[in-house]
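Notes follow once the structure below has been shown.
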Amino acid sequence: MERLRSTDVKYLKGVGPKRAELLCKQLGIKTCADLLCHYPTHYVDRSRMYRVADFAGDMPSVQVRGRFVSFATQGEGAKTRLIGLFSDGSRAMEVVWFNRIKSIRDTYLPGVEYILFGKPTEYGGRWSMVHPEIDRADSPNVSVGFRGVYPLTETLRNRGISSRTIYNMVSALLPRCKDISDPIPEDLRRRYRLMSLGDALRAVHSPADNDELQKARLRLKFEELFYLQLNILRYCRERSESVPGFRFGNIGYYFNTFYKECLPFELTGAQKRVIKEIRHDVGSGKQMNRLLQGDVGSGKTLVALMCMLMALDNGTQACLMAPTEILATQHFETISALASKIGVNIKLLTGSTPKRERDAIHAALLDGSLHILIGTHAVIEDTVKFRNLGFVVIDEQHRFGVAQRARLWKKNSVAPHILVMTATPIPRTLAMTVYGDLDVSVIDELPPGRKPIQTLLRYEDRRMEVYRAIGKQLKLGRQAYIVYPLISENEKLDLKSLEEGYGFVRESFPSYKVAYVHGKMKPAEKDYQMSLFASGEANILVATTVIEVGVNVPNASVMVIENAERFGLSQLHQLRGRVGRGADQSYCVLMTKVKIAKETRKRLEVMTSTTDGFVVAEADLKMRGPGDLEGTLQSGMAVDLRIASLATDGQIVQFARNAAAEVLDADPALVSSSLSGVKREMALMFDKSYDWSRIS
Ligand code: ADP
Ligand code: MG
């Protein structure tokens, strides 16, 4: 591999300086190794030969074997095309070219036997193929079995570089694969049943059959994910060794009194388990970095509070940071109501905290009389200094970047324990990669007595029926949310808007009070409207997705989401979580246009069929890919996944993580000579990004 890495592709047979420049510009391929690692995105089956006489229906790309009978040009100027009459003995078809006519005419000769590969189309009872791939039947390049289709760009295609051209270049390298030394040690390969690297590289370009292809892809995916996991785990281990943490050895007055006297209900089994996991961590003397996942309404706040009480019992302060003012305020109110009875001093700090109050908070934090600080980003400002910050809770973490987390970290000489809470269930694959440096706890149980939300899919033309149902709930004294994708009308988008909807809703429910919130309102105005709804004074809240996170109004029992087809599943799930927080049966209605695509309908049916956030998140990941989250990974870890996919290779991620852990258990610094190859690959992949891992 070293040799291939240091050989410019231009020296490869069939490439040359011009094509090399194109490959570099268009695909980033500079060396022979880059070319060898330019994998096909999918494969076509060339194991069977078709007969033109058997063509029927909508055909996939197929191959036929035969001879050109004649060539003729048709049309003039830019519209000139070349038509070749091709017969395989069963029947004739036309082969059509729109460009490079002269060179095609010079290349292909009547009478010589060729194999053509392309998609047959039928017009007026005659079959034709446009721009097929062509090989002489006696050429050694003729492929059998599975053939890869390579990612290309438009420019490359226009310059006459086809998937086939790439394959031909790659095939010049394939004989050298057998000499490639394998960085992955043999015993690991044996245990995880992995093909050798050389075999895998050959087979991924030129598999003998599907079985071999799958094995090759598995090996290559495993390798990428293995390095990624090694990097993550190595960093975690280093951090846990080099970063000291507070040892919370005592469970004392605050925790115990709260548990005995203030707990309004029995903890769920899952809450107890998670508190135990965290207690174990914080008692270990190592700094905790834990991700707490729990579906909306699973009771994460209570867990957070009890952990903060542990911090207080051990002479330290705690801090809870939320992404919005509304949420921070809500947490402040909930937590104050629960814990102020036992003498915990709690304060709220947000962007709108008046200067005098802010100064008092700063002073109380420094002298240690303030125990728990709850707030927005305001809490990470440099002016906010703690006497002894021991525990940090970050709620709904996906809105906080790594850098912001790091600022909290640095508020003390001893790094505080960090608990990151998210209600967006993170599929395991992503938890192991994007959040791979965090330990994970899951609250997988809702408090008793909750009735699962009923979710319905309704087309626009049944709006009146839906509104009647809302009316019924309002009459029972419940409240309703109506969510719009846009704030105001937009000429380009045929979507419902909040402004339009607000008027319509008020007309439809004249005897009820309607509040509204959207993202462009001033915070004070937003808070006022929210408080109207939260207090029950307003019966209906018309909103955009600003209500997505955290808002808690247990009396709300209906949510209507307009143009639901526009939202991602995870987002719909978040929105839906605003209802079903009380004891009443709640409903979520997904309204869509009458005409939606079949896939859209299928996607929305995931929502009507389950209330399990993990199922929703998995489905979302499969359908839409990891999206932003993979972006976080890619920019953070600067790793470029060439073949593995976080969306579909969950199992391989797990294998790779296990293997990486085994390797590090046996040899934490990767000093053994059998790991020298692994070490070299890691250095190549992660050199630039290594520092990133030090900050989170
Ligand atoms: P999350 O933040 O996980 O979405 P919350 O912490 O806001 O959920 O809790 C949702 C609701 O459930 C709150 O009203 C809370 O008081 C209640 N709750 C939490 N734990 C329990 C429990 N063990 N039993 C009953 N109700 C609970
Ligand atoms: Mg919450």
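The values are calculated or read from the model by the stated rules, or taken from the named source; none is laboratory data. Remember, it's a predicted structure, so these values are computed and weren't measured experimentally. Virtual Cβ from ideal backbone geometry, glycine too; neighbours counted across all protein chains shown. For accessibility, only protein heavy atoms count, side chains too; no ligands or nucleic acids. Shrake-Rupley method; radii C 1.70, N 1.55, O 1.52, S 1.80 Å.
Could you tally the net charge around Met421, taking each other residue with its Cβ under 10 Å from the Cβ of Met421, Lys/Arg +1 and Asp/Glu -1? Walk me through the numbers before you get to the answer.
On the way: positive: Arg290, Lys300; negative: Asp395, Glu396.
Computed value for this residue: 0.
Distances between placed amide hydrogens fall under 5 Å for Leu457 paired with Leu590, all partners being 5 or more residues away or on another chain.
Computed from backbone phi, the HN-Hα couplings of region 647-657 come to 6, 10, 9, x, 4, 5, 4, 5, 4, 5, 5 Hz, rounded to whole numbers (Karplus: 6.51 cos²θ - 1.76 cosθ + 1.60, θ = phi - 60°; Gly and Pro given as x). Within the straight-line cut-off of under 18 Å between alpha carbons, the lysines reachable from Lys13 are Lys30, sequence neighbours fewer than 8 places apart in one chain being disregarded. Taking a point 7 Å from the Cα of Leu493 along the Cα-to-Cβ direction, the residues of region 452-473 with backbone N closer than 19 Å to it are 460. Tilt of helix 325-339 relative to the longest C-alpha principal axis of the chain, in degrees (0 to 90, nearest 10)? Between the helix axis and the principal axis of the chain, the angle is about 50 degrees. Here the chain carries DSSP beta bridges of which approximately 35% are antiparallel, counting only pairs with both residues inside. Computed from Cα atoms, the angle from the helix 523-534 axis to the main principal axis of the chain rounds to 80 degrees.
State, as an integer percentage, the relative contact order of region 161-238 based on alpha-carbon contacts under 8 Å between residues 6 or more apart. Don't skip to the answer; put the middle values down first.
Working: 47 pairs, mean separation 19.3, N = 78.
Contact order relative to length: 25 percent.
Exposure check, 1.4 Å probe, all protein chains in place: Asp58 carries approximately 140 Å² of accessible surface.
Work out the FRET efficiency for His280 and Ser162 from their Cβ-Cβ distance, taking R0 = 45 Å, and round it to the nearest 0.05.
Once the sixth-power term is evaluated, E becomes 0.15.
How much net charge surrounds Gly297 when only other residues with a Cβ under 12 Å from its Cβ are counted (Lys, Arg +1; Asp, Glu -1)? Value of the local net charge: +4.
Classified by the C-alpha gyration tensor, region 224-298 has an oblate form. Its axis ratio a/c, with a ≥ b ≥ c, is 1.5 or above, and a/b does not exceed b/c. Each residue was assigned an accessible area with a 1.4 Å probe, and for Asp179 the value is about 120 Å². The length gained by stretching the chain between Ala363 and Glu599 to full extension, at 0.36 nm per residue less their Cα-Cα distance, is 79.2 nm. Model label sites at Thr334 and Gln74, defined 7 Å from Cα along the beta-carbon direction, differ in position by 7.0 nm.
The accessible area of His331, taken with all protein chains in place and a 1.4 Å probe, comes to roughly 20 Å². The residues Glu381, Glu333, sorted by heavy-atom accessible surface at 1.4 Å with ligands and nucleic acids left out, run Glu333, Glu381 from largest to smallest. Within the shell of other residues whose beta carbon sits under 14 angstrom from the beta carbon of Thr608, the net charge comes to +2, with Lys and Arg scored +1 and Asp and Glu -1. The listed residues Lys25, Lys593, Lys622, Lys526, once ranked by accessible area (1.4 Å probe) with the largest placed first, stand as Lys25, Lys622, Lys593, Lys526.
With the helix formula -39500 (n - 2.57) applied to DSSP H stretches of n ≥ 4, the chain reaches a computed 222 nm mean residue ellipticity of -12000 deg cm²/dmol. Rounded to the nearest 0.05, the FRET efficiency derived from the C-beta distance between His131 and Arg237 at R0 = 56 Å is 0.55. Simple spin-label model, 7 Å along Cα-to-Cβ: Arg193 to Ala661 in nm? Result: 2.1 nm between the two label points.
Specify whether the C-alpha gyration tensor of region 54-181 places it in the rounded, prolate or oblate class, a ≥ b ≥ c being the square roots of the eigenvalues: rounded for a/c under 1.5, otherwise prolate if a/b is larger than b/c and oblate if not. Write down the numbers at each step before the final one.
Details: a/c = 1.84, a/b = 1.51, b/c = 1.22.
It is prolate, given that a/c is not under 1.5 and a/b is the larger ratio.
Based on DSSP, what percent of beta bridges with both residues in region 454-610 are antiparallel, to the nearest 5?
Details: 1 of 25 bridges.
In region 454-610, DSSP labels about 5 percent of beta bridges as antiparallel.
Taking a ≥ b ≥ c as the square roots of the eigenvalues of the Cα gyration tensor of region 454-610, is the shape rounded (a/c under 1.5), prolate (a/b larger than b/c) or oblate? Rounded, because the longest to shortest axis ratio a/c is under 1.5.
For the chain, what is the relative contact order in percent, using Cα pairs closer than 8 Å and at least 6 residues apart in sequence?
Numbers: 1218 pairs, mean separation 85.1, N = 696.
It comes to 12 percent, rounded to a whole number.
Against the chain, whose longest principal axis comes from its Cα atoms, helix 269-282 is set at around 90 degrees.
Would you kindly state how much longer the chain becomes between Glu507 and Leu456 on full extension, computed as 0.36 nm times their sequence separation minus their alpha carbon distance, in nm to one decimal? Numbers along the way, then the final one.
Numbers: separation 51, 0.36 × 51 = 18.36 nm, distance 2.40 nm.
So the extension gain works out to 16.0 nm.
For a label point 7 Å from the Cα of Glu525 along Cα→C-beta, name the residues of region 355-378 whose backbone N is under 19 Å from it. Answer for region 355-378: none.
Note on Glu94 and Thr153: the model spin-label points, each 7 Å out from Cα along the C-beta direction, lie 3.4 nm apart.
Sequence-distant contacts, meaning Cα pairs under 8 Å at least 6 residues apart, place the relative contact order of region 189-315 at 28 percent.
To the nearest 20 debye, what is the magnitude of the charge dipole of the chain about its Cα centre, counting +1 on the Cβ of each Lys and Arg and -1 on the Cβ of each Asp and Glu? Walk me through the numbers before you get to the answer.
On the way: 96 positive and 79 negative charges, 165 e Å.
Dipole of the chain, to the nearest 20 debye: 800 debye.
Between the beta carbons of Lys622 and Tyr253, assuming R0 = 60 Å, the FRET efficiency works out to 0.80 to the nearest 0.05. In region 252-270, whose amide N lies under 12 Å from the spot 7 Å out along Cα-to-Cβ of Glu445? List them in ranges. Within reach of a label on Glu445, which here means backbone N under 12 Å from a point 7 Å along Cα→Cβ, region 252-270 contributes 266-270.
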